[in-house]
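Enquirer: Input: one structure, supplied below.
Values in this text are rule-based calculations from the coordinates and carry no lab data. These figures come from a predicted structure and were not determined experimentally. No Cβ is skipped: glycine too gets one built from the backbone with ideal geometry, and neighbour counts run over all protein chains shown.
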Amino acid sequence: MNDHKPLRVALLGCGVVGSAVARRLVEHADDLTARVGVPLEIVGIAVRRAGRDRSDVPVDPSLFTTEAADLVTRADIVVETVGGIDPARELLLSAMAHGASVVTANKALLAEDGPTLYAAADAAGVDLYYEAAVAGAIPLLRPIRESLAGDDVRKILGIVNGTTNFVLDKMDSTGAGFAETVAQAQALGYAEADPTADVEGFDAAAKAAILASLAFHTRVAGRDVHREGITEVTASDIAAAKEMDCVVKLLAIAEKASTDDGEGISVRVHPVMIPRSHPLASVRDAFNAVFVEASAAGQLMFYGRGAGGDPTASAVLGDLVAVARHKVNGSRGPGESAYADLPVLDFGQSWTRYHISLDVEDRPGVLAQVATAFASHDVSIETVRQRVVTDPDSGGPRAELVVVTHRATEAALNATVETLSELDSVADVVSVMRVEGA
């Protein structure tokens, strides 16, 4: 490539992230030219609606266009920040077919149809980079894909959604309820007007699929991820966690697991209790953090801002510089690695621990019945705490039992909870929460 010929960059989207990318491309043009070896020239910015005031983006207004399909055919690199499945998928496939490398922040599309994008990149001999799709500014995917390529990643625990971390953190620190804290997150701009994708775990599940695919060299789609959100987490759950010196977090968990048929992988998103001594417990507000366990490297943690215009733009521009250098050098970065092709295990085969709170009769033999219920499903009890309370209806004594189990399969633990709920001596299974990190 001619050393002085600019690389043509097309931007899809000019929202919070897209506009931040455009500004940094302009404001840091000289530095980026020095790092890449040739200038990076914005040849167009695709937007949904023409005529809006975009004076905060320091580019020639003529660069804004609603003709995204045409724009992607005349670029060397396409940067996509619009999100969603369509039309993003068709635009990126068209871009690669016309020889453009792609940088995307689209976690939903990668989790839905990543293999199709990888195949298109391979066929066209171009790059597909997506560091910004998970955990915003945090350098995470490239270390997993490249720095740990010679290691055996065993487990990933991640706080990958800032909205839910903010909500749970405030519930823990202030004692506020779920609805009140979500409203606070919305007022501060941490949550959308419709927070469903965050609080129901859809966003975290897409990111978990991407992390598992890279870490375990296996194709994992968003539909393979067991998903539970935080809408059912109560102030009582937060209080119970405090009694155990724990905090409640929504974690994306991906790990290798052994079964009777060999090794597989478990990928899930749900609330858990983790000890306050664990590094993830100290992640506050809307920050993200991902804890990685590998055979040789041991335990690693990646921490930082997981969303926002400038933080996410940092990750996008890091990818942009990488693929631009490849264009200049006539090389490519790593493509999809799915050689392991491990089975994604059914959720019931995943291993975890449970914290179970029971409202029971205060009489002899109840504890033995409860212990028998656990033993009948081969679930070992780690600790039991009992507290006598007053029945609000009869005024008589009742007991609150809190049981923490050793690790067992999800299926065995779930069956145990069902058995407990059927005992005459158990008035109510008050709460059930998984425990990790101990």
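Enquirer: Restricting the calculation to Cα positions, tell me the Rg (one decimal) and the Dmax (whole number) of segment 112-183 in Å.
Expert: My reading of the Cα-based Rg and Dmax gives 17.9, 54 Å.
Enquirer: Ok, one more. Taking 0.36 nm per residue of sequence separation and subtracting the Cα-Cα distance, how much length would be gained by fully extending the chain between His406 and Asp194, in nm to one decimal?
Expert: Numbers: separation 212, 0.36 × 212 = 76.32 nm, distance 3.78 nm.
Taking 0.36 nm per residue and subtracting the Cα distance, the gain is 72.5 nm.
Enquirer: Let me ask something else. By how many degrees, 0 to 90 and rounded to 10, does the Cα axis of helix 178-187 deviate from the longest principal axis of the chain?
Expert: Helix 178-187 and the main axis of the chain meet at about 20 degrees.
Enquirer: Let me ask something additional. Rank by packing, highest mean first: peptides 272-283, 72-83, with packing defined as the count of other Cβ atoms within 10 Å averaged across residues.
Expert: Peptide ranking by packing, descending: 72-83, 272-283.
Enquirer: Across all directions of projection, what mean area in square nanometres is found for the Cα convex hull of segment 144-214?
Expert: On the way: hull surface 23.5 nm².
Taking a quarter of the hull surface, the average projection is 5.9 nm².
Enquirer: Okay, moving on. From largest to smallest, what semi-axes in whole angstrom does segment 1-115 give when each is the square root of 5 times an eigenvalue of its alpha carbon gyration tensor?
Expert: For segment 1-115, the semi-axes come out at 21, 18, 13 Å.
Enquirer: Related question: Okay, which of segment 98-127 sit inside 11 Å, backbone N to the point 7 Å along the Cα-Cβ direction of Thr73?
Expert: 98
Enquirer: So between Thr259 and Asp378, what do we pick up on full extension, going 0.36 nm a residue minus the alpha carbon distance?
Expert: 41.2 nm
Enquirer: Rounded to the nearest 500, what is the chain's calculated 222 nm mean residue ellipticity when only DSSP H runs of at least 4 contribute -39500 (n - 2.57) each, over all residues?
Expert: Result for the chain: -10000 deg cm²/dmol, rounded to the nearest 500.
Enquirer: Continuing with this model, one more query. Roughly how large, in nm² to one decimal, is the mean projection of the convex hull of the alpha-carbon atoms in segment 350-435? Walk me through the intermediate numbers first.
Expert: On the way: hull surface 20.3 nm².
Spelled out: convex hull of the Cα atoms, projected over all directions, averaged, 5.1 nm².
Enquirer: On average, how much area does the Cα convex hull of the chain cover when viewed from any direction, in nm²? Let's see the in-between values first.
Expert: Details: hull surface 92.6 nm².
Average of the hull's projected areas for the chain equals 23.2 nm².
Enquirer: Run the simple label-point estimate for Asp122 and Val432 please: 7 Å along Cα→C-beta, distance reported in nm.
Expert: 4.1
Enquirer: Let me have the relative contact order for segment 274-376, percent, based on Cα pairs under 8 Å that are six or more residues apart. Spell out each step's value before the answer.
Expert: On the way: 43 pairs, mean separation 11.1, N = 103.
That works out to 11 percent.
Enquirer: I've got another one for you. Need one number: nm distance between label points at Ser173 and Arg48, each 7 Å from Cα along Cα→Cβ, rounded to one decimal.
Expert: 3.3
Enquirer: Please compute P(r) over all alpha-carbon pairs of segment 147-305, binned at 10 Å starting from zero, and give each bin as a whole-number percent.
Expert: Histogramming segment 147-305 at 10 Å steps yields 11, 39, 34, 14, 2 percent.
Enquirer: Consider a paramagnetic label point 7 Å from the Cα of Asp391 along Cα→Cβ; state which residues of segment 351-378 have an amide N under 14 Å from it.
Expert: 359-364
Enquirer: Set the bar at 28 Å for Cα to Cα. Now go through Lys107/Lys242; Lys107/Lys155; Lys155/Lys327; Lys5/Lys207 and name every pair that lies beyond it.
Expert: Lys107/Lys242; Lys155/Lys327; Lys5/Lys207
Enquirer: Tell me, what is the FRET efficiency for Ser295 and Lys5 to the nearest 0.05, using R0 = 45 angstrom and their Cβ-Cβ distance as r?
Expert: 0.50
Enquirer: So, one more: Summing Lys, Arg as +1 and Asp, Glu as -1, what charge do residues with Cβ under 9 Å from the Cβ of Pro343 carry, Pro343 excluded?
Expert: Values: positive: none; negative: Asp261, Glu263, Asp341.
So the surrounding residues net to -3.
Enquirer: Would you give the gap between the C-alpha center of segment 2-31 and the C-alpha center of segment 414-438, rounded to a whole Å?
Expert: Cα centroid to Cα centroid, the span is 54 Å.
Enquirer: Also, I was wondering about something else. Stick to the Cα atoms of segment 276-414, pair each with every other, and give me the Kirkwood hydrodynamic radius in Å at one decimal.
Expert: Averaging 1/r across every pair of different Cα atoms and inverting gives 20.8 Å.
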